[in-house]
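These notes concern the structure reproduced below.
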Amino acid sequence: MKKVMFRLILSLTVALSLTCASRNNLETEKAAVKKVIEDAYMNGLFPKLNVEAVKKGYHKDCSFISYSFIGIVKRSMDEWLDYIIKNHSEPEEGEVTHKFLSLTVTNRTASAVMETHIAGRREITTNLTLYKLKEGWKIVSDVIYWHGFDVPKDRKTVNLDPALYDALTGRYVTGNGLEFVVSKTGDQLFIQMQIPKHPKLELFPQSETVYFNKDINVTVTFAGGASPTPKGKMTQLVFRTGPTGHWDLVARRMIPKVAVFSGKIQHFKMSEVVAGPFDSQESAMKKYGNQLPDDLEIAPASPKGMVKGWFLLKAEPIVSTKDLESVNRGTSPHGEPAISISLKPESAEKMKAYTTANQGKRLAIMLDNQVISAPVIGSVISKDSMITGHFTTDEVSELIIQLKIAINKNQ
């Protein structure tokens with residue numbers, strides 16, 4: 001009897017020990033998962049994007065799924081980083097706080113539901129899935145819901161003469177190159193963001209300058225201003241998603257035949273300089289009697305560039321993004337951060353032939369149709385060259401990411 005009791009007590013002791021050990025191990029794994037989420041999500045994305053921190057915690061093959069105006073959107077790691085850099089790379093305004101709604105660990109998988117508040121508003125609910133790999137816990141999927149898309153119930157339309165819409169129609173572009181087209185069909189007004197799969201949204205008047213969509217929480221506000229646009233036309237719009245101005249996109253009316261900033265670095269190119277720099281866009285236009293020839297375009301100097309003013313350029317570039325073979329971090333002759341580029345073999349031969357035949361002419365080196373530099377061709381350039389400007393190390397890193405994404409898309 002004593003032996004039986006002893007064995008029973010021993011078995012219970014072992015079982016309790018194993019249970020405690022299992023619980024301790026579970027808590028250890030939960031702490032490890034939480035640390036990855038805090039570093040990569042909480043501190044990697046907020047209050048400002050930290051690409052290094054994100055890449056350390058998110059797996060390179062992570063899927064990002066979100067709901068937006070175009071329905072369910074699935075992005076790869078590179079596409080998602082490109083989107084974040086373009087739209088949300090600036091520090092968030094207001095205090096950012098996070099709350100774990102749930103966190104579970106089962107064997108080598110984990111899941112967490114996060115709620116993010118910005119300036120006291122509930123903005124995002126995120127569902128994260130993690131796997132424990134050889135290198136540790138990694139986020140392998142991120143399902144995002146933006147609460148700003150919830151449609152208000154108290155909006156009312158006013159009756160307007162549809163003729164007023166004529167002052168609103170046209171193309172508008174944001175500072176980082178996101179383009180909107182405002183169009184009129186009969187008595188209806190529409191806006192469409194110029195990105196793949198983005199739908200045409202019908203706008204309903206709240207006033208003569210404020211319009212909204214009835215299906216998603218989008219408000220568009222138009223304004224006039226001092227700008228060389230057609231008489232009577234609005235010169236600016238503010239595209240707002242959500243109840244506050246947190247995600248505002250400010251876009252200005254585009255002037256035909258002027259190169260615009262696209263934000264995705266899909267338009268790297270080297271183009272021949274015909275004339276310039278000019279003090280203003282208007283001065284450049286006057287050279288051709290305000291009628292720009294079809295084979296020319298106007299491009300402004302980049303604020304980050306080595307030149308100032310406006311340039312008249314050949315519209316057909318010598319080389320562009322599709323000609324790039326690779327991009328890497330480099331250092332300018334003055335020790336500043338720069339971007340080193342290499343051309344594909346056939347493109348390198350094209351560049352070699354052009355620079356050999358055009359010694360003494362100026363060559364505009366451009367990112368997103370803004371002139372970074374315009375050096376005089378003094379030697380033969382072929383495969384390798386460098387983009388130099390007043391860039392910070394972080395800016396060079398972000399530009400390289402975007403250029404690599406653009407290269408992949410052109411392959």
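A few remarks follow.
- Computed from the Cα positions only, the extents of the range 269-409 along the three principal axes stand at 42, 32, 31 Å, in decreasing order.
- Inverting the pair-averaged 1/r between distinct Cα atoms of the range 19-147 gives 15.2 Å as its Kirkwood hydrodynamic radius.
- Approximating the spin labels as points 7 Å out from Cα along Cα→Cβ, the residue 314-to-residue 210 distance works out to 5.2 nm.
Bear in mind these aren't lab numbers, they're just calculated from the coordinates by the rules spelled out. Quantities reported herein were computed from a predicted structural model and do not represent experimental measurements. When we count neighbours, we look across all protein chains shown, and the Cβ atoms used for this are built from the backbone with ideal geometry, even at glycine.
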